[in-house]
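Contents: one structure, followed by commentary.
Quick note: the coordinates plus some simple rules give every number you see, no bench work behind them. Given the structure is predicted, the values throughout are model-derived calculations rather than measurements. Cβ placement follows ideal geometry from the backbone for every residue including glycine, while neighbour counts extend to all protein chains displayed.
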Amino acid sequence: MASFIMAMTINPGAKKLHSELPGKINDSLEVFTENEVKVNNLYATLGRYDFLAVFDAVDQSAAFKIASGINNMGILETETWPIVSYDDFSKILT
């Protein structure tokens, strides 16, 4: 399994949905469940991004599929980064 961080922002057009927005966000996040991805943590943030998800996927292609699925729903826009633990990174350097 590969690990990823996905940063998500609410699409400016979607913010006009007001009372429907929480449900639409939840619907968008269901893409993780539908693709049998292990979400390790999901956070709401204050700042540039509205949400951060730390998840494990089979490979980068699976992560792309998830990001595309979320983006296609039109509520959230995503940025996805592959990650490795600091310990694993340290081993790469030595």
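Take the residues of the range 45-82 that are without any contact (Cβ under 8 Å) to a residue 60 or more places away in the chain and of a type in the set (Asp, Glu): which is nearest to Lys16 (Cα to Cα)?
Ranking the qualifying residues of the range 45-82, first place goes to Asp50.
Can you pull out every residue in the range 1-21 that is surrounded by fewer than 15 Cβ atoms within 10 Å (Cβ to Cβ) and over 28 Å from Ile83 (Cβ atoms)?
Gly13, Lys15, Lys16, His18, Ser19, Glu20, Leu21
Scan the range 42-55 and give yes if some residue there is touching an Asp or Glu at 6+ places or on another chain (Cβ under 9 Å), loosely packed, with under 11 Cβ neighbours inside 10 Å and not aromatic (Phe, Trp, Tyr), otherwise no.
Yes, the conditions are met somewhere in the range 42-55.
So in the range 56-70, with the set limited to residues that are farther than 17 Å from Thr33 by Cβ and not acidic (Asp, Glu), which one is surrounded by the fewest Cβ atoms within 10 Å (Cβ to Cβ)?
The residue in question is Ser61.
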